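The structure appears below as structure tokens.
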Amino acid sequence: MTLETSMRSMKKTLVLIAVAAGLAVSAQPALAEGGAKHPRSGGFSFEGPFGTFDQGQLQRGYKVYREVCASCHGMDLMYFRTLAEPGGPFYDPHQENPAANRFVKVLAAEAQVPDIDSETGEAIMRDGVPADRFPNPYPNATAAAAGNGGAMPPDLSVMAKARHDGANYIYSLLAGYRAPPAGLKVGPGQYYNPYMAGDLSSYWEGDAHHVPVGGFIAMPPPLQNGQVTYDDGAAETVDQYSKDVAAFIAWASDPKQVQRKQSGLGVMIFLFLFAGVTYLSYRRIWKGVAH
Amino acid sequence: MAADQGDPNHQDPNRRDFIHIAAGAAAVGAGAMAAWPLINSMNPAADTLALSTIEFDLTKVQEGQQVVIKWQGKPVFVRYRTPAEIEQARSVSMGALKDPQSDAERVKDGHQQYLVVIGSCTHLGCVPTFGSGDFGGWFCPCHGSHYDTSGRIRKGPAPINLVVPTYEYVSDTRVKIG
Amino acid sequence: MSDHESTYVPKTGIEKWFDSRLPIIRFGADYMSLPTPKNLNYWWTFGGILALCLVIQIATGVILAMHYVPNTELAFASVERIMRDVNGGDLIRYTHANGASMFFIAVYLHMLRGLYYGSYKAPREMIWIIGCVIFFLMIATAFLGYVLPWGQMSFWGAEVITNLIGAVPVVGEPILIWLRGGPAIDNATLNRFFSLHYLLPFVIAGCVVLHLWALHHAGQNNPVGILIPKDRQKKDTVPFHPYFTVKDGFAIILFLIMFAWFVFFMPNALGHADNYIPANALQTPAHIVPEWYMLPFYAILRAIPDKFGGVVAMFAAIGVLFVLPWLDTSKVRSMRYRPTMRTFFIIFVLVGMGLGWCGAQLPDAQVVPGMPSFTLFDGQLNSYLWLTRLLTAYYFLFFLVLMPLVGLRETPRPIPATISEPVLPTVDDPLGAGSSEQKG
């Protein structure tokens, strides 16, 4: 086989694989949302193969979560120690063991954690330690639903993975509350949000061809300007809070993503070199063999 | 290939020149790179490592007794020794010991009444029984190792003394193990 | 090739000792020196790629099983624990999850290659049939594995797919309850799915051994599609090693580059966001869709308005592959020399992709937005329902009508007598055959 023909058949193969993969990828977003508005971009630093988290933003995001979101939403899969892992909001390069991180020890101790007294066997509350989970504001799902008008606030541990375009979606939703358009019947305990998935046609009294995008959400607008105090000079606005907490949740949903991307770059470089060397070996072996 | 025979430039395709060695080496490297995460995944995970220290309140132990606590899945003996037991441990001559170690080396200064040892027999890991055996310490029911009141091996198949874990006094009555 | 004689000569004492007791070194050496048609193109590299896929899935799967907990209360959290706390666990789990997709990309290309070059035709029917068994087992394994993370898609996928069995008249309902271990998908179901998901890959591995055995007995097909005559063996074949080990190796690396790109940079692109919502038996996600590799069959299922009929059609779509060797009446293997059939084949590939596309859409959605249409029987003509039906019809038409009919009626282009001579006017022209080897 000549170089050209082998390259040609290779190219054909690659194109076909790319088409198949592309089809598979593009087949899904078509169904991911109902009539919701496409999320706005939060301009996040962690997007793309080279992106990394902004540690200051993650710390602010944690603060917003702790002071605002955590009063209703649990993060059952998160542990305080995870905050101190490489790439996390409180990672300290001088303290390798996340469980011994000084910031995280303080943050954990602020929480009260249910435990069993080892002497008496009675249920007690004690100060949290880095090995503890984030405390859940409700003892169980039923209590969470009952405390919120029947709508259970979803767990936020993996929320950025559980929604299409997660970080941008969370940002857009939190910063995107709007007054409902005139002609939209909003029920009690419901709030209009254009980024929420839903179908509003049965609540719309206007032109049937111009049903507003978006849906109803049971969560009232959670953030107000100036609600959370930032000590690093970042703007204390709903928009900034939303971005920061979206970044924090994106990190919490996949805490190892930046490390994985970084090792991925090394792996890709290796594979390309490996491919090159193997191709030369292939050419050498097949030299002089007509086929 | 038959046609190749007359070709003066013909080379044996099996000839190992640099490029084949490089490709082969890269393949071996790729295999090792792929194997490492799989092997490493069996090492203790982050949640396991996070539980590597515990604190214990010494006032829970009465004189002459021991409390067994669980640390990293293993029993830890915390023993409040009587003056007679301490004296017994100190009076042993080094020559009588299989694994020579003074009692002072096995406790913390000023807290010699408290002995903290990992409660697995150094022979094959059974948990020795408190207060039995020929030396007033522990006796391992599995293969008959006798330990003294300092947790040192005195008789039987165990090769070394009961292991003293890393621990420190965070206050006069509290120890942090690990 | 079937009558490939062993050229292995044991040299050392250990080799001789083994050779007279367990000739495993001879087996390996014979395998490596196997005469292989030298005109195999890159479409033939997917066999090696698939072998690697199986190894990757088993290796990562065994590790994942060490950390995973098959219990409805713990499964979701245990998968996330793998991703967060286990050393390298995120890589292993993402490799396994994306590995399933990679496996299917490779197997579909491998099957299409077999279809195009007539690799299922005599004497290779058994290779093809065992391959179909492997494909069916792969679908079953992938489905079982997808249930294990116990997310919303896992749960509702399991619900819908097990309900297919309930569509069988009379015995369907008792079998359904037996399969689930209860009236609904629950802990018993998850636990047995885990067991079966661990078992089936080893059954696949066993079938792969049979697949290769049959392959080496009948001999490899090649792009020209002719059997290599005995006296041409030396000229037209090369030993498997190093010629095809290096070629397969190169293709594997290219495949791994794509694989690694998904794992490291877009690990969730081929999955559904809803599967990161823990399973909730009281609420179905707004749109449930199977993984992309099941979509064409899912589309066929939905194309039939009758519940049982849909199930039958879906299984028939896979079942028809088993009898393909007897549906094809052509005397020519390779579609290189069958221009008519090649056109139908290209349409078939597009139809397959189209079915995949339709499987991800709502049946009632318009194919061409805004185009006026009319209601035909039970749906708008301009809807995915009718597009799916059209494509489904072609899918079966291709196998059941075109395959037998075109083979009888077409006039194939002239076929070369040897693989080295693409255009050979007369069969007995050894000089002509030899001369072409000087190029390249």
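The values are calculated or read from the model by the stated rules, or taken from the named source; none is laboratory data. Since the model is a prediction, treat every value here as computed from it, not as a measurement. A quick note on method: Cβ atoms are made from the backbone with ideal geometry, for glycine too, and the neighbour counts reach across all protein chains shown. Note: accessible area is taken over every heavy atom of the protein model, side chains too, but ligands, DNA and RNA are not part of it. Shrake-Rupley method; radii C 1.70, N 1.55, O 1.52, S 1.80 Å.
Can you tell me which residue in the stretch C:311-356 is nearest to the other protein chains (Cβ to nearest Cβ), limited to those that are of a type in the set (Gly, Ala, Ser) and assigned to a loop (DSSP other than H, G, I, E, B)? Checked the stretch C:311-356; the qualifying residue nearest to the other protein chains (Cβ to nearest Cβ) is C:Ser334. Selection over the stretch A:144-165 of residues that are part of a helix (DSSP H, G or I) and either open to solvent by 50 Å² or more (accessible area, probe 1.4 Å) or out of contact with any Pro (no Cβ under 9 Å at 6 or more places or on another chain) (or both) gives a count of 4. For the stretch B:110-174, the strands (runs of 3 or more DSSP E) that sit wholly inside it and include 2 or more residues that are at pLDDT below 95 and among the aromatic types (Phe, Trp, Tyr) are B:167-171. With respect to the conditions (1) in a helix (DSSP H, G or I); (2) in contact with a Lys or Arg (Cβ under 9 Å, 6 or more places away or on another chain), A:Thr229 falls short on a single one, namely (1). Search the stretch B:1-58 for residues being of a type in the set (S, T, N, Q) and at pLDDT 90 or above, and hand back the single one that is surrounded by the most Cβ atoms within 10 Å (Cβ to Cβ). My answer is B:Ser41. The set of residues in the stretch C:70-92 being within 13 Å of chain B (Cβ to nearest Cβ) and open to solvent by 30 Å² or more (accessible area, probe 1.4 Å) consists of C:Ala77, C:Arg81, C:Asn87, C:Leu91.
I'm checking my understanding of the structure. Among residues of the stretch C:20-45 that are outside any helix (DSSP H, G or I) and farther than 19 Å from C:Gly219 by Cβ, which one is nearest to the other protein chains (Cβ to nearest Cβ)? The residue in question is C:Pro23. Consider the stretch A:64-90 and keep the residues that are within 13 Å of chain B (Cβ to nearest Cβ) and among the hydrophobic types (A, V, I, L, M, F, W, C). The one that is most open to solvent (accessible area, probe 1.4 Å) is A:Leu77. The number of residues in the stretch C:1-23 that are at pLDDT 90 or above and open to solvent by 100 Å² or more (accessible area, probe 1.4 Å) comes to 5. Of the residues in the stretch A:171-183, not one is in a loop (DSSP other than H, G, I, E, B), crowded, with 17+ Cβ neighbours inside 10 Å, within 14 Å of chain C (Cβ to nearest Cβ) and not hydrophobic (A, V, I, L, M, F, W, C). Looking only at the stretch C:330-356, residues that are open to solvent by 30 Å² or more (accessible area, probe 1.4 Å) and either closer than 11 Å to C:Gly118 by Cα or among the basic types (Lys, Arg) (or both) come to 4 in all. Taken over the stretch C:93-104, the criterion of being open to solvent by 10 Å² or more (accessible area, probe 1.4 Å) and within 9 Å of another protein chain (Cβ to nearest Cβ) is satisfied by C:Thr95 alone.
When A:Asp115, A:Asp92, A:Asp165, A:Asp127 are checked against the criterion of being touching a residue at least 24 places away in the same chain (Cβ under 8 Å) and acidic (Asp, Glu), a single residue qualifies: A:Asp165.
In the stretch C:264-282, the residue that is least open to solvent (accessible area, probe 1.4 Å) out of those that are more than 7 Å from every other protein chain (Cβ to nearest Cβ) and free of Cβ contacts under 8 Å to residues at least 40 places away in the same chain is C:Met266.
Of the candidates C:Ile257, C:Ile226, the single residue that is of a type in the set (Val, Ile, Thr) and at the interface with chain A (Cβ under 8 Å from one of its Cβ atoms) is C:Ile257. Residues that are without any contact (Cβ under 8 Å) to a residue 40 or more places away in the chain, under 21 Å from A:Asn148 (Cα atoms) and of a type outside the set (A, V, I, L, M, F, W, C) were ranked within the stretch A:186-223; the one that is surrounded by the fewest Cβ atoms within 10 Å (Cβ to Cβ) is A:Pro188.
Would you confirm, using the coordinates I've provided, whether A:Ala247 is modelled with pLDDT of 95 or more and either within 14 Å of another protein chain (Cβ to nearest Cβ) or assigned to a loop (DSSP other than H, G, I, E, B) (or both)? So A:Ala247 fails the test. All conditions but one from (1) under 26 Å from C:Val107 (Cβ atoms); (2) open to solvent by less than 30 Å² (accessible area, probe 1.4 Å); (3) part of a loop (DSSP other than H, G, I, E, B) apply to C:Asn382; the one that does not is (1).
Scoring C:Tyr293 on the criteria (1) hydroxyl-bearing (Ser, Thr, Tyr); (2) assigned by TED's automatic domain parsing to the domain that holds C:Leu385; (3) open to solvent by less than 40 Å² (accessible area, probe 1.4 Å) leaves a single failure, condition (2).
C:Thr237 passes every criterion in (1) outside the structural domain of C:Thr72 (by TED's automatic domain parsing); (2) open to solvent by less than 20 Å² (accessible area, probe 1.4 Å); (3) more than 30 Å from A:Ser157 (Cα to Cα) apart from (1).
Each residue in the stretch C:126-147 was checked for being more than 17 Å from C:Ile204 (Cα to Cα) and open to solvent by less than 20 Å² (accessible area, probe 1.4 Å), and 1 of them qualify. Assess whether C:Arg192 counts as being basic (Lys, Arg), out of contact with any Lys or Arg (no Cβ under 8 Å at 6 or more places or on another chain), surrounded by fewer than 22 Cβ atoms within 10 Å (Cβ to Cβ) and farther than 30 Å from C:Tyr337 by Cβ. The answer is yes for C:Arg192.
Considering the conditions (1) open to solvent by 20 Å² or more (accessible area, probe 1.4 Å); (2) of a type outside the set (A, V, I, L, M, F, W, C); (3) within 14 Å of chain A (Cβ to nearest Cβ), C:Gly359 is excluded by exactly one of them, (1).
Of all residues in the stretch A:251-280 being open to solvent by less than 10 Å² (accessible area, probe 1.4 Å) and more than 9 Å from chain C (Cβ to nearest Cβ), which is farthest from A:Gly48 (Cα to Cα)? Here the residue is A:Ala252. Does C:Val107 satisfy the condition of being under 21 Å from C:Pro223 (Cβ atoms) and of a type in the set (Val, Ile, Thr)? So C:Val107 passes the test.
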